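This report refers to the structure that appears directly beneath it.
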Amino acid sequence: MKYRILRGLLFAATLMLYSHGFSQPIDIDYSNPKKFTIADIQVESDRPINRPLVISLSGLEVGKTIEVPGQDLKTAIENLWKQKLFSDIEIAANKVEGDNIYLLIKVITRPRLSNHLITGVGKAETKTLDDKLKLNKGDVVSEHYLKRIENTISNYYTEKGFANTTVTITRSEDTLYNKNSNRLKIHIDKGQRIRIDKIDIEGNAVYSDFRIKMLLKKTKQHTWQYWLRSSKFNRELYEEDKNAVAAFYQSKGYRDAGIAHDTILTTPDGNLYVKLTIDEGNLYYFRNITFSGNTKYPSNFLNAILNINKGDAYDPVKLERNLRMNPNGLDVTTLYMDNGYLFFNLMPVESAIGNDSIDLEIRIYEGPQATINRISVSGNDRTNDHVFLRELQTNPGDKFSRSNVIITQQRLAQLGLIDAEAIDIRTNPDPKNGTVDIEYVIAEKPSDQIELSMGYGQRQVVGVLGLTLNNFSSRNLLKTKNWGGPYPMGDGQRLSIRAQSSGVSYQSYNFSFTEPWFGGKKPNSFTISAYHTIFTSGYSTENLGKFKVTGGSLGLGKRLTWPDNYFNMYNALSYRRYGMENYSQIFSLFSNGVANNIYFTHSLSRNSISAPIYPRNGSSLSLSLNWSLPVSLVRNIDYKTALPEVKYKWIEYHKWRFDLDFYMELLPKLVLKTSANFGYLGSYSKEYGTSPFERFFMGGDGISGFNLDARELIRLRGYANNKITPNVKGFDQDGNYTTLLEGGGIFNKYTIELRYPLTLNPQATVYILGFMEAGNNFLNFKDYNPFDLYRSAGAGVRFFLPMFGLIGFDYGFGFDGTVGNERQKGGQFHISIGQQF
């Protein structure tokens, strides 16, 4: 550091003050410091500078009394030097008049960056380094600045496996840009990529070398087993892997296990040889476990919750999980916190350690029970507070419960109105009064969807236009001042309007509205829907065969509290009318007439998934029954001889569905989804038989085709759309041999799907997946064989855009290529647009 005060250091023996414009020194007795009052301060610099700022940073000011020589001027220079803006600082006296001193601060600024050039690497790497370095024109070029550049580049290439990277920075004066400006040339020599040729494990007797090497997640030797993984060496990741080996042993009861020592050598070809020596130590067991400080629950009950028995291998991971946070069951901490003991704490202490056994004392501080004082939700600007507050399971006056906080978090996420990854729960406990305030901080996301898509089915191009509003407010429909946007929003109601058309040949219109809290006091949902579909057998407007479907439904849902808070029940009454005018393309049983269907729906479901778009854990289970009125009991006709148009004037059936989805996070963000689906269509009487409507069609993407006869489309990727569908052939009324009935009466399907997100941004969620599926579709229960399955596997990607919903691309390969009498060649590509699964 270069301190120049009056052209010398303050501590120099011959300190002299020079008066500006005079060649003779001013007479000051340095053995007897004198106090002066600063009368004026001037600043000189080699380039334009904020002079008042320099004076302020120095700590000097007009009117201040300083001692010369003394600490004041030394401190002023130190203050300026700390800013790292100057390469030279000098404080001089312009003149002295009595007790007044006129000071001049002279500074030379550090060079500024005018431009930089990176050489020695390609354009792509140059761009990456520019993004990391963030060098800007006008930056102060200091030694620290240059060192930061060098370290950033070296660390970047070290992570890539180039441990011997050299960075050479050349500074040159840029006279064209500005005075005292530097141009930097940054030359990079990456050197040879360093690989790990071999890893040797010594000292391990309990676990094999292979098992230990599997624990080294980021440190792999260069062999054929790991050709898909990088064998580069990263010191920081290597240390993490060593800790992982020690943690693995300790979780198996080897409490004292660790890496005794390790060796890293450079091989003749410049790569690395790594040797790990493991000290396994003794296998320890739990011996006596006691609790102290517990008054609420007896020790034998806490021991049952802890679920660790005398003689079990010492496992600190299991101990910690069952004491504090067990995702799969009850733990000691949750037991207390669910009963209001927010201030509860515990500490496991190893009270005695033998040769192979450990005594534990669990010291408990119960503290007082906490009562919830205040509840609030913040971060919502489009949705009314009551939409979120009514979902809370934590209410003022209740005892604090950690489980209720977790359930509340899940319910807020399942609304689909907020970013599930950004929910923040803030607690403000008051131990003195035994209360706690809870604030749920949320971040709203776009939830409405516009569906603009085109699809191909039944040899036609079909256009779709749909609008789904998931935050609708019907009570503000006529109050435009309260809309809060382009439509009345804020009450969490769902309004959906959808239209499909391929011109004259196909048109479909759908409307539905759901109020999730019908009446506003209890979570009882009310749904009303209506639809109308027209399908013609030609493309002109003359002599068309027509198939019309018109219907509607009213439904009531109820959230249950037993067996737990995740159960829901739904009941609905629906009516559907089929009208056929010279139309025989659905089935050949009859082509003219009307079929009516009055049916009831009952559904019992349980949903505990963590988020609606990318769930990481939880499950979704549903058991449903659709049944129509058994009108055959009161109709006075002979069903064996009745014409189809008479027989099916009133449709009757009972249809059962069971669906199960289970999500488990294997690694951070890596999720395994398993699914099972089953459906059965039955009848009330043999004479009537099974209904030609409401049948199951399997294969393909599960959304292609037209749902005119209330058929259910079951997805089975890797096969063509609706290919796995049985049929009944025979002679129609005109004596033609044709397909009389199409569609299955019973099916089962199983799916395993492995998912990993590329981004969980609520504006655009993207994840990739790999899947295996198996399923089959049978005509009736007599043909049913649950082990006769069509199998497939493949991969896909999902994009969730708030305005369009879920967009999916899948490629699947069916292993059982023969479907019926047809041979399927190769795989199948499936696209789903504007459809949420």
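The values are calculated or read from the model by the stated rules, or taken from the named source; none is laboratory data. Predicted model, so just to flag it, every value in this text is computed and none were measured. Neighbour counts run over all protein chains shown; Cβ positions are idealised from the backbone, glycine included. Accessible surface areas use protein heavy atoms only, side chains included; no ligands, DNA or RNA. Shrake-Rupley method; radii C 1.70, N 1.55, O 1.52, S 1.80 Å.
Looking across segment 662-706, the residues that are charged (D, E, K, R) and under 28 Å from Asn510 (Cα atoms) come down to Glu694, Arg695, Asp701. Checked against (1) under 47 Å from the mean Cα position of the chain (by Cα); (2) part of a loop (DSSP other than H, G, I, E, B); (3) crowded, with 16+ Cβ neighbours inside 10 Å, Lys137 passes all but condition (3).
Here's the yes/no breakdown for (1) at pLDDT 90 or above; (2) assigned to a strand (DSSP E or B); (3) open to solvent by less than 20 Å² (accessible area, probe 1.4 Å); (4) of a type outside the set (Gly, Ala, Ser):
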{"residue": "Ser584", "(1), (2), (3), (4)": "no, no, no, no"}
{"residue": "Ile598", "(1), (2), (3), (4)": "yes, yes, no, yes"}
{"residue": "Ser603", "(1), (2), (3), (4)": "yes, yes, no, no"}
{"residue": "Pro612", "(1), (2), (3), (4)": "no, no, no, yes"}
{"residue": "Arg616", "(1), (2), (3), (4)": "yes, no, no, yes"}
{"residue": "Ser620", "(1), (2), (3), (4)": "yes, yes, no, no"}
{"residue": "Arg657", "(1), (2), (3), (4)": "yes, yes, no, yes"}
{"residue": "Asp661", "(1), (2), (3), (4)": "yes, yes, no, yes"}
{"residue": "Leu666", "(1), (2), (3), (4)": "yes, yes, no, yes"}
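Going through segment 141-182 one residue at a time, which ones are open to solvent by less than 30 Å² (accessible area, probe 1.4 Å), under 10 Å from Leu113 (Cβ atoms) and either in a strand (DSSP E or B) or not hydrophobic (A, V, I, L, M, F, W, C) (or both)? Scanning segment 141-182 gives Tyr145, Asp174, Ser181, Asn182.
Here is a yes/no grid of residues against (1) crowded, with 17+ Cβ neighbours inside 10 Å; (2) touching a strand residue (DSSP E or B) at 6+ places or on another chain (Cβ under 9 Å); (3) under 13 Å from Ser376 (Cα atoms):
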| position | (1), (2), (3) |
| --- | --- |
| Leu415 | yes, yes, no |
| Thr427 | no, yes, yes |
| Asn433 | no, yes, no |
| Tyr440 | yes, yes, yes |
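Comparison of Lys84, Lys106, Lys95, Lys127 shows that the only residue that is part of a helix (DSSP H, G or I), open to solvent by 40 Å² or more (accessible area, probe 1.4 Å) and among the basic types (Lys, Arg) is Lys127. Go through (1) at negative phi; (2) under 37 Å from the mean Cα position of the chain (by Cα) for Gln507 and report which single condition fails. Evaluating Gln507 over (1) at negative phi; (2) under 37 Å from the mean Cα position of the chain (by Cα) leaves (2) as the failure. Summed over segment 377-397, residues that are touching a Leu at 6+ places or on another chain (Cβ under 7 Å) and either open to solvent by 60 Å² or more (accessible area, probe 1.4 Å) or not in a loop (DSSP other than H, G, I, E, B) (or both) total 2. Just wondering, is there one or more residues in segment 235-254 that are over 16 Å from Met214 (Cα atoms), open to solvent by 30 Å² or more (accessible area, probe 1.4 Å) and more than 35 Å from the chain's Cα centre (by Cα)? Checked against the condition, which is being over 16 Å from Met214 (Cα atoms), open to solvent by 30 Å² or more (accessible area, probe 1.4 Å) and more than 35 Å from the chain's Cα centre (by Cα), segment 235-254 yields no hits at all.
The single condition from (1) assigned to a strand (DSSP E or B); (2) more than 26 Å from Leu740 (Cα to Cα); (3) more than 36 Å from the chain's Cα centre (by Cα); (4) at pLDDT below 95 that Phe547 fails is (2). No other residue among Phe799, Phe771 is aromatic (Phe, Trp, Tyr), open to solvent by 60 Å² or more (accessible area, probe 1.4 Å) and in contact with a Ser or Thr (Cβ under 8 Å, 6 or more places away or on another chain) apart from Phe799. Identification of strands (runs of 3 or more DSSP E) wholly contained in segment 1-77 with 1 or more residues that are open to solvent by less than 90 Å² (accessible area, probe 1.4 Å) and at pLDDT 85 or above yields 34-45, 65-68. When we screen Asn164, Asn151 for residues that are over 27 Å from Val54 (Cβ atoms) and either touching a helix residue (DSSP H, G or I) at 6+ places or on another chain (Cβ under 8 Å) or at pLDDT below 90 (or both), the only hit is Asn164.
Within segment 293-329, being open to solvent by 80 Å² or more (accessible area, probe 1.4 Å), closer than 26 Å to Thr427 by Cα and not in a helix (DSSP H, G or I) holds for Thr295, Lys296, Met325, Pro327, Asn328. Residues in segment 672-717 that are open to solvent by less than 20 Å² (accessible area, probe 1.4 Å), in a loop (DSSP other than H, G, I, E, B) and aromatic (Phe, Trp, Tyr) were compared, and the one that is farthest from Ala642 (Cα to Cα) is Phe706.
Screening Asn722, Asn727, Asn736 for residues that are more than 27 Å from Lys673 (Cα to Cα), in contact with a Gly (Cβ under 8 Å, 6 or more places away or on another chain) and open to solvent by 20 Å² or more (accessible area, probe 1.4 Å) leaves exactly one candidate, Asn727.
If you go through segment 485-510 and keep only what is open to solvent by 30 Å² or more (accessible area, probe 1.4 Å) and touching a residue at least 60 places away in the same chain (Cβ under 8 Å), you end up with just Gly485.
In segment 511-524, is there at least one residue being β-branched (Val, Ile, Thr), open to solvent by less than 50 Å² (accessible area, probe 1.4 Å), without any contact (Cβ under 8 Å) to a residue 40 or more places away in the chain and more than 24 Å from Glu444 (Cα to Cα)? Within segment 511-524, not a single residue is β-branched (Val, Ile, Thr), open to solvent by less than 50 Å² (accessible area, probe 1.4 Å), without any contact (Cβ under 8 Å) to a residue 40 or more places away in the chain and more than 24 Å from Glu444 (Cα to Cα). Which of the residues spanning segment 350-371 are in a strand (DSSP E or B) and small (Gly, Ala, Ser)? Within segment 350-371, Ser351, Ala352, Ser357 meet the criteria. State whether one or more residues within segment 495-503 are outside any strand (DSSP E or B), within 29 Å of Asn568 (Cβ to Cβ) and over 34 Å from the mean Cα position of the chain (by Cα). Taking every residue of segment 495-503 in turn, none turns out to be outside any strand (DSSP E or B), within 29 Å of Asn568 (Cβ to Cβ) and over 34 Å from the mean Cα position of the chain (by Cα). Restricting attention to segment 656-665, does a residue exist that is at positive phi and under 18 Å from the mean Cα position of the chain (by Cα)? Scanning segment 656-665 turns up no residue that is at positive phi and under 18 Å from the mean Cα position of the chain (by Cα).
When you check Ile186 against the structure, is it surrounded by 18 or more Cβ atoms within 10 Å (Cβ to Cβ), under 30 Å from Ser45 (Cβ atoms) and more than 37 Å from the chain's Cα centre (by Cα), yes or no? Against the criterion (surrounded by 18 or more Cβ atoms within 10 Å (Cβ to Cβ), under 30 Å from Ser45 (Cβ atoms) and more than 37 Å from the chain's Cα centre (by Cα)), Ile186 qualifies. The single residue among Gly593, Gly557, Gly579 that is open to solvent by less than 40 Å² (accessible area, probe 1.4 Å), of a type in the set (Gly, Ala, Ser) and at positive phi turns out to be Gly593.
Against the numbered list (1) surrounded by 16 or more Cβ atoms within 10 Å (Cβ to Cβ); (2) assigned to a loop (DSSP other than H, G, I, E, B); (3) on the phi < 0 side of the Ramachandran plot, Thr641 comes up short only at (1). If you filter segment 560-576 down to residues that are open to solvent by 80 Å² or more (accessible area, probe 1.4 Å) and modelled with pLDDT of 95 or more, you find that the one that is farthest from the chain's Cα centre (by Cα) is Tyr575. For segment 277-292, taking the residues that are in a loop (DSSP other than H, G, I, E, B), farther than 18 Å from Ser351 by Cβ and touching a residue at least 60 places away in the same chain (Cβ under 8 Å), the one that is most open to solvent (accessible area, probe 1.4 Å) is identified as Asn282.
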